[in-house]
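A short write-up of the structure that comes next.
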Amino acid sequence: MVQAEFDISAEVERIQEQLNRLIERVTAYGWDESLERERFQPHIDVYENRSSLVIVAELPGVTASSIQVYGLQGAIHIEGVKEANYPPSGNAMFHIFERSFGKFEIRVPIPCPVQFREAKAHYSDGLVRVTLPKIKERRCTKCVIPVEVR
């Protein structure tokens, strides 16, 4: 059975952003400045095995040179930019505009103890795969503390 944490506020925010984009698209004909400000929101998978925690982000159309991955305050951050490749404003009238572009930032909280310094990130075929080696949980191991008699 797969267990996943569900952040209701993040999900509500994501749905609100999608609704806002839908309303903008329905009311706009052709290129609109509001479409240039739209944010690209990549999809991610997070899973762990015995030795590591793995984060996979789907980044189609993003160049490897624009991707930055780093660990900070108990989370992995993946940032970058998906550049638009459309004609300048006024040169095209869109009938359907579903792809999003712009800056993105993914913040993934780390659910288990990992070694950030040994982490590796690879980009291939539009996917960034971040692998973080797990470290042995020290908080759950029994540590006997001798009682001194005074």
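The set of residues in region 62-83 being in contact (Cβ under 8 Å) with a residue 40 or more places away in the chain and either at positive phi or in contact with a Pro (Cβ under 9 Å, 6 or more places away or on another chain) (or both) consists of 62, 76, 78, 82.
Number of residues in region 48-95 that are out of contact with any Leu (no Cβ under 8 Å at 6 or more places or on another chain), under 30 Å from residue 135 (Cβ atoms) and hydroxyl-bearing (Ser, Thr, Tyr): the value is 2.
The set of residues in region 82-105 that are exposed (fewer than 15 other Cβ atoms within 10 Å of the Cβ) and assigned to a strand (DSSP E or B) comprises 103, 105. If you go through region 63-86 and keep only what is out of contact with any Asp or Glu (no Cβ under 9 Å at 6 or more places or on another chain) and farther than 14 Å from residue 109 by Cβ, you end up with 64, 65, 81, 82, 83, 85, 86. For residue 31, the conditions (1) modelled with pLDDT under 80; (2) among the hydrophobic types (A, V, I, L, M, F, W, C); (3) surrounded by fewer than 11 Cβ atoms within 10 Å (Cβ to Cβ) are fulfilled apart from (3). For beta carbons closer than 6 Å, sequence separation of 6+ or different chains, a first residue in region 109-130 that is surrounded by fewer than 11 Cβ atoms within 10 Å (Cβ to Cβ) and a second that is hydroxyl-bearing (Ser, Thr, Tyr), there are no qualifying pairs. Scanning region 62-70 for residues that are at pLDDT below 85 and assigned to a strand (DSSP E or B) turns up nothing.
The values are calculated or read from the model by the stated rules, or taken from the named source; none is laboratory data. Here the structure is a predicted model, which means the values were calculated and not measured. Reconstructed Cβ throughout: ideal geometry from the backbone, glycine too, with neighbour counts over all protein chains shown.
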